[in-house]
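Structure record follows, encoded as structure tokens.
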Amino acid sequence: MGNRKPRAAGGKRRQQGSARASRTATDAGVAAALGEIQRVLDTPLAELMESDEERAAAQALTEDALAVPAIVRLGKLVAFVGEGRPVTQAGNLKAPDAVAVARLLARAMTCRARSARWTTCPTSLTSIAGRSPLSS
């Protein structure tokens, strides 16, 4: 028993307590900063501008961005999936939902004639050749 070194009189415990307090203060600061960042992200772009001219330009930019076909389709996908739609263990949509969303997105596409045979926008999963990619 003579080999045992005496323990410091609570010094380490005091240091741990002050480290916890400092970590809590840091966490509160980070949370406040993240809250401010989220507030700015949630604010429409036009509201962040100072002059009427900047607000008008930001509004036009926002409208143009929301009209981009990929963004339109993304919005439709997000609305379709929503919260709570069942997925596979890998996180993919189940087959019937995948087919339904593919049809929805095909209708949302804006199409241009690419050949003499394809002059209208397809409203289903039928390919140009007339075969469904789901059939063999």
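Rule-based calculations on the coordinates, nothing more; no lab input. Note that the coordinates shown come from a computational prediction; the quantities given were computed from them, not determined experimentally. Neighbour counts run over all protein chains shown; Cβ positions are idealised from the backbone, glycine included.
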Point to revise | Two-site label geometry, Thr26 and Val72: point separation in nm, points 7 Å out along Cα→Cβ | key: 4.9
Exercise for review: Rounded to whole Å and sorted largest first, list the principal axis extents of the Cα atoms in the range 28-108.
Suggested key: 49, 39, 14
Check your understanding: Between Asp42 and Lys94, what length comes free when the chain is fully extended (0.36 nm per residue of separation minus the Cα-Cα distance, one decimal in nm)?
Key -> 15.6 nm
